[in-house]
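J.: What follows is a single structure, and I will ask about it in a moment.
The values are calculated or read from the model by the stated rules, or taken from the named source; none is laboratory data. Remember, predicted model here, so these are calculated numbers, not experimental data. Methodologically, a virtual Cβ is constructed for each residue, glycine included, from the backbone with ideal geometry; neighbour enumeration extends over all protein chains shown. What goes into the accessible areas is simple: the full protein's heavy atoms, side chains included, and nothing from ligands, DNA or RNA. Shrake-Rupley method; radii C 1.70, N 1.55, O 1.52, S 1.80 Å.
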2 protein chains.
Amino acid sequence: MRLATLSNGSPDGALVVVSRDTQRCLPATGTMQQAVERWAEAEPALRALADRLERGEGNTLDHGRLLAPLPRAWQWLDGSAFPQHGELMQRAFHLPPIETDRPLMYQGLSDRFLPGHADVSLPSEADGIDFEGEFGVITDAVPMGTPASAALAHVKLVLLINDWSLRAIAPIEMKTGFGWVQAKPACSVAPFAVTPDALGEAWRDGRVHLSLQVTVNGEWFGHPHGREMQFGFHDLIAHAARTRDLVAGTIIGSGTVSNADYATVGSCCLSERRAIEMIAHGTPRTPFLHFGDHVRMEAAGGNFGVIDQKVVQA
Amino acid sequence: MRLATLSNGSPDGALVVVSRDTQRCLPATGTMQQAVERWAEAEPALRALADRLERGEGNTLDHGRLLAPLPRAWQWLDGSAFPQHGELMQRAFHLPPIETDRPLMYQGLSDRFLPGHADVSLPSEADGIDFEGEFGVITDAVPMGTPASAALAHVKLVLLINDWSLRAIAPIEMKTGFGWVQAKPACSVAPFAVTPDALGEAWRDGRVHLSLQVTVNGEWFGHPHGREMQFGFHDLIAHAARTRDLVAGTIIGSGTVSNADYATVGSCCLSERRAIEMIAHGTPRTPFLHFGDHVRMEAAGGNFGVIDQKVVQA
């Protein structure tokens, strides 16, 4: 089942169920946030709408009205679960390895998530504008202390996310130990939130087994695969819930997708490609983004729809 | 003017205006979040209620029904603006100074703020349970790029906050550079959100010029003063808004209050007292909190009401 949110003038928009071919939709009751707050009650009605869509019912989906599936969330916790990414960054910048056997995670801006087709307004090219393609999940309420073994049951929906990042600021903030504020403006999210069962074999081990295809200004940039997470989403959820109850509608991210075979599959962020160039040639060759550049992301199979955005000056 | 939120079964509660003597209240329209979203429109009606209260009208305030002024917020950005605190921590733990001339800030859990009288449920004493007394502000919507010189106009309300912290986890998370997730469970907030004008001379230079009085299990712990912030709240707001629009209802914190004269005025967190003990004696003498311990905080003058809580096992 595919869910989406249509703009209706309110901050949370209107929940719709979308057909498998993503061309039609039927209106559901309330908002995405309300659905994940009372999922057990909401799910049967949503699945009944999905069945009607597959029988040919529904209205033409106006793709221009699609917002992020959760246009705002009470909590966004972003991991960095692909070890190849960290290793490349450490080699390129001669950093000591991060000494931890725990998942890496920070809390980010969650009061707005941009639609996958919206322009991205940022203040300055000098900030080192970059993207990070990643997968994410929306959970229902997760009690404090939930172990990883019980965490997957709390994954209600799976997402494709572009975590916009400002690389001139990121290392300065990272050195403080406090994590990122300025370096992490609002993320963008592909329009369709997909239930794990609808991903079939592509959802297993708490990982999304799909490649994430990135193009920049129409040229191939990378298509690394989601399976190489060191920690699955169940581990990330358990980590997040160790000392807090997770509110329903929490979004948890994988961090930028990155593979051991990076020479062949490329990367999901400029920063990683630049690190690879630094390791090979001593200096980076690929610039960060300029205003007017386009970044497009889509997972193989098209389950989540497309993020296709232009970066513009705020 | 003093605002508060009464429990009414909904997550955001009901907004009330509270009399200067904090004994009476009058119901206002909607919620605290709604008031800060449309402050220009809401403020005259709220001030009219405050005037009626000072003429003797109003209902007896049921202090047991007081929630945190904003029981949940879209964004909580906590600074660490008292340099004495950082210096003591660095001396005690032989850490290099944090190399930055910018405000320190992390994004924390904002989907719930605990009432000032609620028990605080935490999973384990072994996590090093600690408090951090600090001041905070609630802003209206702040456009990206707002300079510090224009930021104070966005401070609508001032708060007293206890930022609960888990010290066994904090340094592990800090070392990753990603900031704190597990080390920072939900904060508690004193019941009254106070407009800057109602603080009179105690609100100037973007700082709260009041001492914050902390007792632990009925014994004096500290009463450091809010004036010694290296960066005022206007600086913290401008820092936060450098690359993002701040949503109305953003809460910005000062970080634990700490003074150069710590030997006389004490501290607002156990961690700092332990650091002082380590510097003086080689080892800390004061333990972290045990389940059953009580922590009480109140700013001089009583403007914000009282935080008085017991720590209990989750």
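J.: Please determine, by comparing only the residues of the range A:18-33 that are in contact with a strand residue (DSSP E or B) (Cβ under 8 Å, 6 or more places away or on another chain) and either of a type in the set (Val, Ile, Thr) or surrounded by fewer than 16 Cβ atoms within 10 Å (Cβ to Cβ) (or both), which one is nearest to A:ALA68 (Cα to Cα). If you could, list the steps in order and put the result at the bottom.
T.: Of the range A:18-33, the ones in contact with a strand residue (DSSP E or B) (Cβ under 8 Å, 6 or more places away or on another chain) are A:18-20, A:22-32.
Those left that are additionally either of a type in the set (Val, Ile, Thr) or surrounded by fewer than 16 Cβ atoms within 10 Å (Cβ to Cβ) (or both): A:18, A:20, A:22-23, A:27, A:29-31.
On the way: A:VAL18: 14, A:ARG20: 18, A:THR22: 15, A:GLN23: 17, A:PRO27: 16, A:THR29: 17, A:GLY30: 15, A:THR31: 12 Å.
Checked the range A:18-33; the qualifying residue nearest to A:ALA68 (Cα to Cα) is A:THR31.
J.: Looking only at the range A:250-299, filter to residues that are closer than 26 Å to A:SER121 by Cβ and part of a helix (DSSP H, G or I); which one of those is most open to solvent (accessible area, probe 1.4 Å)?
T.: The qualifying residue most open to solvent (accessible area, probe 1.4 Å) is A:ARG273.
J.: Answer yes or no: is there a residue in the range B:91-102 that is of a type in the set (Asp, Glu) and open to solvent by less than 10 Å² (accessible area, probe 1.4 Å). Before the answer, list the steps.
T.: Step one: list which residues in the range B:91-102 are of a type in the set (Asp, Glu), which gives B:99, B:101.
Still in the list and also open to solvent by less than 10 Å² (accessible area, probe 1.4 Å): none.
No, the range B:91-102 contains no residue that is of a type in the set (Asp, Glu) and open to solvent by less than 10 Å² (accessible area, probe 1.4 Å).
J.: A further question on this structure: Quickly run through the range A:260-270 and pick out the residues that are more than 17 Å from the chain's Cα centre (by Cα) and either within 16 Å of A:GLN33 (Cβ to Cβ) or not acidic (Asp, Glu) (or both).
T.: Applying the first criterion (more than 17 Å from the chain's Cα centre (by Cα)) to the range A:260-270 yields A:260-266.
Hits for the range A:260-270 are A:ALA260, A:TYR262, A:ALA263, A:THR264, A:VAL265, A:GLY266.
J.: Oh, and also: I'd like to know if the range A:31-41 contains one or more residues that are closer than 19 Å to A:THR195 by Cβ, of a type in the set (D, E, K, R) and within 14 Å of chain B (Cβ to nearest Cβ).
T.: Within the range A:31-41, the subset closer than 19 Å to A:THR195 by Cβ is A:31-41.
Those still in the list that are of a type in the set (D, E, K, R) too: A:37-38, A:41.
Pick out the ones that are also within 14 Å of chain B (Cβ to nearest Cβ) and you get A:37-38.
Taking every residue of the range A:31-41 in turn, at least one turns out to be closer than 19 Å to A:THR195 by Cβ, of a type in the set (D, E, K, R) and within 14 Å of chain B (Cβ to nearest Cβ).
J.: Only one of A:PRO11, A:PRO44, A:PRO71 is more than 19 Å from the chain's Cα centre (by Cα), modelled with pLDDT of 95 or more and not in a helix (DSSP H, G or I); which?
T.: Numbers: A:PRO44 fails: not in a helix (DSSP H, G or I); A:PRO71 fails: more than 19 Å from the chain's Cα centre (by Cα).
On inspection, the qualifying residue turns out to be A:PRO11.
J.: Out of the residues in the range A:105-134 that are charged (D, E, K, R) and at the interface with chain B (Cβ under 9 Å from one of its Cβ atoms), state the one that is surrounded by the most Cβ atoms within 10 Å (Cβ to Cβ). Don't jump to the end; show me each part of the working.
T.: Our first condition is that a residue be charged (D, E, K, R); within the range A:105-134, this holds for A:111-112, A:119, A:125, A:127, A:130, A:132, A:134.
Okay, now just the ones that are also at the interface with chain B (Cβ under 9 Å from one of its Cβ atoms), so A:111-112, A:127.
Working: A:ASP111: 22, A:ARG112: 19, A:ASP127: 20.
Step by step, filter the range A:105-134, then rank; the result is A:ASP111.
J.: Considering only the range A:166-191, state which residues are in a loop (DSSP other than H, G, I, E, B), more than 7 Å from chain B (Cβ to nearest Cβ) and within 15 Å of B:THR243 (Cα to Cα). Reasoning before the result, please.
T.: If we filter the range A:166-191 for residues that are in a loop (DSSP other than H, G, I, E, B), which is where we start, we get A:167-169, A:177, A:179-187, A:190-191.
Cutting the leftovers down to more than 7 Å from chain B (Cβ to nearest Cβ) gives us A:167-169, A:180, A:183-184, A:187, A:190-191.
Residues satisfying the conditions are A:ARG167, A:ALA168, A:ILE169, A:TRP180, A:ALA183, A:LYS184, A:CYS187.
J.: B:LEU46 passes all but one of (1) touching a residue at least 40 places away in the same chain (Cβ under 8 Å); (2) surrounded by fewer than 24 Cβ atoms within 10 Å (Cβ to Cβ); (3) out of contact with any strand residue (DSSP E or B) (no Cβ under 7 Å at 6 or more places or on another chain); which number fails?
T.: So B:LEU46 meets the others, but not (3).
J.: When you go through B:ARG91, B:ARG102 one by one, which is the residue that is farther than 30 Å from B:LEU6 by Cβ, in contact (Cβ under 8 Å) with a residue 12 or more places away in the chain and away from chain A (no Cβ under 12 Å)?
T.: On the way: B:ARG102 fails: away from chain A (no Cβ under 12 Å).
Result: B:ARG91 is the single residue among B:ARG91, B:ARG102 that is farther than 30 Å from B:LEU6 by Cβ, in contact (Cβ under 8 Å) with a residue 12 or more places away in the chain and away from chain A (no Cβ under 12 Å).
J.: Hey, another quick one. Filter the range A:182-199 down to the residues that are charged (D, E, K, R) and open to solvent by 20 Å² or more (accessible area, probe 1.4 Å) and list them by number. Step through it out loud before you land on a result.
T.: At the first step, the residues of the range A:182-199 found to be charged (D, E, K, R) are A:184, A:197.
Listed by number, the list holds a single entry, A:ASP197.
J.: Among the numbered criteria (1) over 20 Å from A:LEU70 (Cβ atoms); (2) more than 14 Å from chain B (Cβ to nearest Cβ); (3) open to solvent by less than 10 Å² (accessible area, probe 1.4 Å), which one does A:PHE233 miss?
T.: Against the list (1) over 20 Å from A:LEU70 (Cβ atoms); (2) more than 14 Å from chain B (Cβ to nearest Cβ); (3) open to solvent by less than 10 Å² (accessible area, probe 1.4 Å), A:PHE233 comes up short only on (1).
Quick grid of which residues meet (1) more than 30 Å from A:PRO143 (Cβ to Cβ); (2) touching a Leu at 6+ places or on another chain (Cβ under 9 Å); (3) open to solvent by 10 Å² or more (accessible area, probe 1.4 Å); (4) without any contact (Cβ under 8 Å) to a residue 40 or more places away in the chain:
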| site | (1), (2), (3), (4) |
| --- | --- |
| B:GLY136 | no, yes, no, no |
| B:LEU152 | yes, no, yes, no |
| B:ILE172 | no, no, yes, yes |
| B:GLY177 | no, yes, no, yes |
| B:TRP180 | no, yes, yes, no |
| B:GLU201 | yes, no, yes, yes |
| B:ARG204 | yes, no, yes, yes |
| B:TRP220 | yes, no, yes, no |
| B:HIS223 | yes, yes, yes, no |
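J.: May I ask you to list pairs of residues, at least six apart or on different chains, whose Cβ atoms are under 9 Å apart, with the first in the range B:265-280 being at pLDDT below 95 and the second being among the hydroxyl-bearing types (Ser, Thr, Tyr) and open to solvent by 30 Å² or more (accessible area, probe 1.4 Å)?
T.: Once the first residue is at pLDDT below 95 and sits in the range B:265-280, no partner that is among the hydroxyl-bearing types (Ser, Thr, Tyr) and open to solvent by 30 Å² or more (accessible area, probe 1.4 Å) comes close enough.
J.: Residues that are touching a residue at least 24 places away in the same chain (Cβ under 8 Å) and closer than 27 Å to B:THR195 by Cα: does the range B:285-296 have at least one? Let's see the steps before the verdict.
T.: Of the range B:285-296, the ones touching a residue at least 24 places away in the same chain (Cβ under 8 Å) are B:288-291, B:293-296.
From what is left, the residues that are closer than 27 Å to B:THR195 by Cα are B:295-296.
Yes - at least one qualifying residue is present in the range B:285-296.
J.: Shifting gears a bit: Checking the conditions here, which among A:PHE131, A:PHE192, A:PHE135, A:PHE113 is aromatic (Phe, Trp, Tyr) and in contact with a Ser or Thr (Cβ under 6 Å, 6 or more places away or on another chain)? I'd like the intermediate steps shown before the answer.
T.: Numbers: A:PHE131 fails: in contact with a Ser or Thr (Cβ under 6 Å, 6 or more places away or on another chain); A:PHE192 fails: in contact with a Ser or Thr (Cβ under 6 Å, 6 or more places away or on another chain); A:PHE113 fails: in contact with a Ser or Thr (Cβ under 6 Å, 6 or more places away or on another chain).
That would be A:PHE135, the only listed residue that is aromatic (Phe, Trp, Tyr) and in contact with a Ser or Thr (Cβ under 6 Å, 6 or more places away or on another chain).
J.: Quick check, is B:ASP78 within 7 Å of chain A (Cβ to nearest Cβ), of a type in the set (Asp, Glu) and open to solvent by less than 40 Å² (accessible area, probe 1.4 Å)?
T.: no
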